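Have a look at the structure below before the remarks.
The values are calculated or read from the model by the stated rules, or taken from the named source; none is laboratory data. No experiment lies behind these values; they were computed from the predicted model shown. Reconstructed Cβ throughout: ideal geometry from the backbone, glycine too, with neighbour counts over all protein chains shown.
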Amino acid sequence: MLALLAVFMFGSIVVAGGYLLPMLGEQVADGVTSSEAAMAIELATGGTAVAWLFLTFMAAIRAFTAAGSVDEPAFLLTSTSLRTVVVGVVGSEILLFAVWVLPPALVLSAAFAFGAGTILPVALAVIVVLLALFTAIPVGFVLGIWVRHLVTVYEPIAQYRLLVFVGFWVLYFGAIATGRFNLVLDQLFVALQDSPLGWAGHLLLLAVPNVDASSTSALAAVVGAVALSGAALAVGVASARRHWFADPARFEDTSEPTRKESQSSSRLDTILGRVLSRPTRTVTVTAIRRTKRAPIRLAYVGYPLFGALVFAQEIFQTGTVPAHVAVFLSLYVVWAAGALFTLNPLGDLGRGLPAVVASPLTGRQAITGLVVAGSLVAAPLALLVSLSLGLISPLSLEQTAALVAATTLGAVVTPALATGIGTGFPRFGSVKVTNSREAVMPSKLAFIVYSIAIILPAVAALVLYVDAPELIAELLLVVTVWAPGPELAVSARGIEIAAWTVLVLGLIAPIVSALFAREQFDWYTLE
């Protein structure tokens with residue numbers, strides 16, 4: 001997963017840079033104008049300053065979430081000096097960041113050096129990266145420790161830390177979605193060019209031919225980096241002593257259900273008692289109550305929303321919700337409905353699995369209870385979201401009605417679809433959601449199969465709704481003509497039949513999946 005993330009984040013940059021930088025290096029070696037040299041200085045100084053801030057920000061997040069909490073503190077903090085622990089933690093973070101930063105820097109600098117005809121850019125690029133790592137990581141460690149201390153030890157803030165977390169991420173992703181993040185980066189890029197943070201850019205420019213870099217600024221960057229690194233480590237030791245040996249903030253125990261929760265569960269149990277048997281409604285109420293007390297279990301449901309940031313930026317820029325965005329977000333609600341409670345029916349029982357399996361509870365009662373829980377929570381949300389998106393988007397009233405009906409019905413059906421998939425590919429062990437929290441989540445294979453089971457019928461329905469078989473057949477023909485291998489001709493009629501087949505199978509799948517889940521639950525045996 002980390003390798004795929006690295007390819008996604010740096011792959012395009014490295015490929016583009018590896019192709020363009022040799023030509024740029026050759027042009028610079030042949031000579032540059034005064035305006036081009038000035039632009040190179042601005043790019044180098046502003047770029048290094050912004051890159052240093054980004055490294056510091058990421059290091060602070062790492063210190064807050066992981067590095068600020070050492071393993072086995074009762075043993076480690078009493079067996080060696082605090083300075084040794086801090087240096088070791090910061091050093092490990094430097095190595096971790098170096099694995100991500102050094103390889104792209106080496107590839108890009110080597111590409112430029114190849115065109116410029118000198119190896120000096122590679123050596124100086126490595127030095128600049130190391131200076132950035134040895135200053136940004138200690139500074140980020142200090143900032144992360146301070147923030148972590150405030151939200152875990154300082155009681156006036158610690159008791160509202162959930163609101164602090166939510167507010168921070170809302171502001172962060174809101175800034176990205178609205179384009180304000182890029183605006184801030186542009187302003188910092190210009191403002192920090194002549195600041196000490198930009199001095200390292202002159203050190204990097206010493207390797208660029210025909211560009212007059214400031215040797216004084218380059219020397220000051222090295223001296224300043226050494227001084228800043230030492231000062232940050234000293235402050236880091238003092239900050240770690242204050243945080244690691246402090247007692248965490250204590251609040252009233254909230255593990256037991258409050259009176260309000262109990263009353264709410266009782267009302268829901270009373271309402272469901274009119275239509276459901278007692279075992280079934282007990283499963284329903286328990287699933288909702290368990291998730292309400294530990295919402296961290298549903299963190300995975302929000303993962304796809306990170307991809308919606310592009311849509312959010314489009315919405316803010318245009319001032320309206322495009323039709324495709326409304327359909328996509330409605331499809332996400334349908335997907336989330338099945339992922340809430342029913343994508344891991346056996347694994348979600350945890351330590352109670354042996355007792356539940358040995359109890360008189362039948363598979364029909366258990367699966368029905370989970371499906372009802374998912375439908376009760378997701379169906380009203382699906383109705384509200386799809387209706388709101390349809391009304392504020394360019395969709396007509398007829399299209400909005402179709403979207404609302406499909407989304408609401410899908411939110412009722414997908415919990416049944418998820419039961420069989422989750423039962424067939426269960427996960428019983430917990431995984432780390434954050435560095436300090438663990439939860440039992442559905443397996444990756446269950447996620448993949450479930451997502452495919454929703455996406456394929458949705459695509460088939462869209463193809464039939466917009467009458468696109470002929471267009472798809474023409475596109476396939478064009479692709480096969482240009483692609484190597486034999487030409488493949490698919491008729492529009494064949495695509496229409498395939499779409500109808502996928503759609504019908506998708507509509508039947510929830511029933512088959514729920515029946516399979518019931519049977520598996522009844523015949524499940526502990527190994």
Got a sec? Which of Ile421, Ile452 is surrounded by fewer than 19 Cβ atoms within 10 Å (Cβ to Cβ) and either in a helix (DSSP H, G or I) or at pLDDT 90 or above (or both)?
Ile452
Among (1) surrounded by fewer than 16 Cβ atoms within 10 Å (Cβ to Cβ); (2) under 27 Å from the mean Cα position of the chain (by Cα), the one test that Ser79 misses:
(2)
Pairs with Cβ under 8 Å, 6+ apart, first in region 35-56 and under 27 Å from Gly140 (Cβ atoms), second surrounded by 21 or more Cβ atoms within 10 Å (Cβ to Cβ) and aromatic (Phe, Trp, Tyr):
Thr45/Trp199
What do you reckon, is Gly91 part of a helix (DSSP H, G or I), among the small types (Gly, Ala, Ser) and either buried (at least 20 other Cβ atoms within 10 Å of the Cβ) or in contact (Cβ under 8 Å) with a residue 24 or more places away in the chain (or both)?
no
Of the residues in region 243-291 that are of a type in the set (A, V, I, L, M, F, W, C) and at pLDDT below 80, the one that is surrounded by the most Cβ atoms within 10 Å (Cβ to Cβ) is Leu272
Cβ-Cβ distance below 8 Å, separation of 6 or more or different chains: which pairs start in region 455-468 with a residue that is closer than 12 Å to Glu496 by Cα and end on one that is outside any helix (DSSP H, G or I)?
Leu462/Ala468
What number of residues within region 186-205 satisfy the criterion of being in contact (Cβ under 8 Å) with a residue 60 or more places away in the chain and loosely packed, with under 14 Cβ neighbours inside 10 Å?
2
Out of Val122, Val107, Val126, Val139, report the one residue that is under 25 Å from Val235 (Cβ atoms), out of contact with any Lys or Arg (no Cβ under 9 Å at 6 or more places or on another chain), in a helix (DSSP H, G or I) and aliphatic (A, V, I, L, M).
Val139
Go through region 497-527 and count every residue that is assigned to a helix (DSSP H, G or I) and either hydrophobic (A, V, I, L, M, F, W, C) or touching an Asp or Glu at 6+ places or on another chain (Cβ under 6 Å) (or both).
18
Among Ile145, Ile157, Ile176, the single one that is buried (at least 17 other Cβ atoms within 10 Å of the Cβ), assigned by TED's automatic domain parsing to the domain that holds Ser69 and part of a helix (DSSP H, G or I) is Ile145
Within the bounds of region 63-82, is there any residue that is on the phi > 0 side of the Ramachandran plot and either out of contact with any Lys or Arg (no Cβ under 9 Å at 6 or more places or on another chain) or at pLDDT 90 or above (or both)?
yes
